Amino acid sequence: MFDAPRARVALLTLVVVLAVVQPAPAGARADASPAADAGGDVGTTIGSAVERHPAGAGATAEALRTVRADAVHDRGLTGAGVDVGVIGRGFATSNDVVAPHVVDSRQFGGPPGTTAHDTAVAEVVSETAPASDLYLAGVGRTPTPEEYAAAVEWLTDRGVDVVVDSGSYFPSVAGDGARITAAAERAADEGVVFVTSAGNYANRHWAGPGAADGWVSFTGDDAANHLADGDRLQGRVTVRLRWRSDADYDLYLYRRLPNAADRVVAKSAADETGPGRTVESVDVAVPRGRYYVAVYADDVAAATADDPTSATGRVQVFAAHHELEHATARGSMVAPATSDRVVAVGATANGDLAAYSSLSANGTVDLTAPASARTRADPDLAGTSAAAPYVAGTAALMESGSHDPSPERVEAILERTADGEDGAIDALAAVEAATDASADPGAAPTAGTAASDPATSNPAADADGPGNDGGADDAAPTARERSTTDADRNTTRSGGTDGGVRPDESSGADRSADGGRSDDGREGEDEGTDRNDDPDGDRTGEQDDDRNGTDDGSRTGGSTADGDSAGDSTERGDGTRQGDAP
């Protein structure tokens with residue numbers, strides 16, 4: 001006769017026995033306990049490591065293999081006990097990859113506008129150093145130097161070991177770049193490894209000698225530097241003109257018209273002379289069309305007998321979102337990457353330095369890393385914005401495997417163990433060197449124009465050839481930049497084949513009239529610094545050619561800074577923060 005109660009007891013007993021004797025995962029010892037082989041910084045249980053590494057680094061797996069971070073993970077080093085600070089516009093702390101790592105977050109300054117770019121940066125850090133803890137500091141779309149410094153101080157007060165900022169800053173107030181850089185340097189002085197993207201401006205930057213009078217020549221007799229290689233574009237245009245001398249230069253943005261005189265869209269002519277760094281700024285939204293930049297020497301003091309170029313100085317032009325027809329790669333880094341106490345990271349694609357990756361004045365960058373990461377927050381994260389967090393995560397792995405090395409030692413080891421001429425990061429070699437008591441951080445690397453008024457004439461001047469090209473920061477040149485002895489390498493891109501279209505003399509009224517409002521953006525030390533997160537500044541159109549007499553409908557804004565969501569550069573009015581994506 002069937003006994004139901006006894007059957008239930010027997011069934012429960014069988015279930016318990018099966019639960020106790022279930023087989024171990026393939027490859028594991030039958031008698032192994034979860035903590036038996038725990039080593040390095042993984043901790044005492046396997047479960048905690050798995051929980052802190054959601055998605056199995058699927059988004060960045062290929063890049064992690066390229067930098068050999070996966071081999072470091074296999075040895076049990078995953079960044080446990082290390083705190084990493086991430087600076088960006090803002091963050092989505094609910095992101096399922098980032099959330100398990102976040103200890104604290106805070107927003108400084110205004111709203112971010114978008115969080116995808118910088119959340120993606122935090123994802124890359126969390127997958128490179130999966131057991132590290134994250135502190136997220138948002139500085140908004142247009143942070144002031146004070147807000148940026150407050151964010152850095154907040155991170156250092158929480159004892160972070162590493163900070164990464166995948167953004168570049170374009171202040172429209174002279175001196176603000178130096179203040180941003182100084183904040184990063186203070187963190188380094190307190191023992192923090194400060195990592196930043198080098199920037200994606202090698203083909204968006206020009207540097208050369210100024211003019212004694214009239215229009216500055218970008219090459220030969222060409223005083224027009226076309227945006228987007230002369231192709232049509234629309235949307236936001238951000239341009240910065242910088243120089244350090246007693247001269248006064250004015251910045252113009254022209255629209256090229258096929259059947260009429262080219263028209264002034266915006267200008268910045270604040271008449272602020274040196275000595276010291278001076279900045280003119282244009283931030284304007286433009287309709288579809290072809291545009292170019294021109295620089296006019298409005299007032300140049302007499303040169304000294306000892307230095308004939310002292311009056312004109314060296315001139316730099318940055319176009320945050322668009323490639324320039326005439327470009328200079330050297331000196332195309334901006335704050336805070338220009339500091340020699342900051343680790344500036346360039347981007348590689350297929351093993352080679354990306355053509356857009358910014359360089360110091362002597363044509364170098366501290367380290368390089370892969371230029372892509374298909375993260376959940378931003379599947380298209382690319383450029384030096386993607387590269388920098390791989391280096392920050394590697395620094396965290398080094399910190400977890402050694403005895404609190406100084407920032408100088410971490411950078412020295414990273415550079416000494418890097419692979420190839422471009423300094424491609426090798427996480428495994430760096431961690432091994434950091435944990436080797438005999439490692440010597442000081443060892444040698446193992447791997448290796450005619451005078452005219454802008455209101456009455458064309459922008460044209462005699463070209464004097466390239467000038468010395470330093471960094472774009474407001475601070476004095478760094479050791480990395482002072483070491484250069486090579487001449488600048490200015491290049492002319494394939495676009496703009498008209499030889500430099502310049503306004504016809506009959507359009508003088510347009511040149512001084514409000515085709516766009518004066519856009520110097522330099523009133524007030526506390527207006528923002530654009531943080532550029534711009535992945536693809538050039539937005540070309542396929543509509544009809546510009547028509548004669550078309551109204552631009554342009555809008556200028558002295559310190560606006562939109563910054564595209566997926567971008568690698570972030571902008572601000574006084575100091576645009578630009579995310580560093582190509």
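Annotations for the structure displayed:
- When the GluC sites (Glu not before Pro) in the stretch 356-428 are filtered for DSSP coil states and for at most 14 other beta-carbon atoms within 10 Å of their beta-carbon, the remaining sites are 421.
- Reported to the nearest whole Å, the Cα centre-to-centre distance from the stretch 391-415 to the stretch 148-189 is 19.
- Size of electric dipole in the stretch 163-223: Cβ of Lys, Arg +1 and of Asp, Glu -1, about Cα centre, debye, nearest 20: 140
- Summary value for the stretch 166-292: 28 percent relative contact order, contacts being C-alpha pairs under 8 angstrom separated by 6+ residues.
A short reminder: the numbers here are calculations on the coordinates, not readings from a lab. Everything quoted here is computed from the prediction, not taken from an experiment. Counting neighbours? That spans all protein chains shown, and the Cβs are built from the backbone with ideal geometry, glycine included.
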